[in-house]
Ligand code: ZN
């Protein structure tokens, strides 16, 4: 693929994300359906957020409502089918919006259970950094940094991963990953 093709494909992808966003907002539903593994969008690197407008605000309100309705502590845009680098969270007393998130530093280790709305909340133990500093833009596009520990730090890492097309199961050993996938498939049959 030459460079012109690459730019063209990128351009088409941005248009697709924008069309999907418009459609979502036009449905006038504030609680959206959760996209589940193995949907393709969950494995894609999201497009950067560039417009901090009313449409984005509506999307963020919807994402919080969807997260609360599903009793989650964090939700990233790919989880409602939008390939965008954006997440919301309300976890361990930290409520925030993160557009174009990055983990800029980490420290230590924590071992604990992790789950994901897109994998039917099937949990598995996963080692993450104990402390993490998130750098992101808020709803107005202002850059900020936030350092957290334990559960909130785990949430920063999990949600930033979503924006990069990585699920927590991708970080498990193949054996553990298969166990989670099997449990999830079984659960899907019974609902
Ligand atoms: Zn998740």
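The values are calculated or read from the model by the stated rules, or taken from the named source; none is laboratory data. These numbers come from a predicted model, not from an experiment. Neighbour counts run over all protein chains shown; Cβ positions are idealised from the backbone, glycine included.
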Completion exercise
When every residue in the stretch 114-131 that is within 16 Å of the chain's Cα centre (by Cα) and modelled with pLDDT of 95 or more is compared, the one surrounded by the fewest Cβ atoms within 10 Å (Cβ to Cβ) is 115
Handout entry: Single residue of 186, 176 found to be assigned to a helix (DSSP H, G or I), touching a helix residue (DSSP H, G or I) at 6+ places or on another chain (Cβ under 9 Å) and surrounded by fewer than 16 Cβ atoms within 10 Å (Cβ to Cβ)
Key = 176
Exercise for the section: Could you tell me whether the stretch 24-34 includes any residue that is in a loop (DSSP other than H, G, I, E, B), in contact with a strand residue (DSSP E or B) (Cβ under 8 Å, 6 or more places away or on another chain) and at positive phi? Expected result: no
Handout entry: Test set (1) without any contact (Cβ under 8 Å) to a residue 60 or more places away in the chain; (2) over 22 Å from residue 171 (Cβ atoms); (3) buried (at least 17 other Cβ atoms within 10 Å of the Cβ); (4) away from the ligand (no atom under 16 Å from the Cβ) - residue 51 fails condition number
Key = (3)
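Sort through 134, 96, 75 and tell me the only one that's within 12 Å of the ligand (Cβ to nearest atom), in a strand (DSSP E or B), under 17 Å from the mean Cα position of the chain (by Cα) and surrounded by 14 or more Cβ atoms within 10 Å (Cβ to Cβ).
Just a single option satisfies the conditions, and that option is 75.
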Exercise for the section: Restrict the check to the stretch 124-131 and report whether at least one residue is within 13 Å of the ligand (Cβ to nearest atom) and closer than 21 Å to residue 46 by Cα. Expected result: no
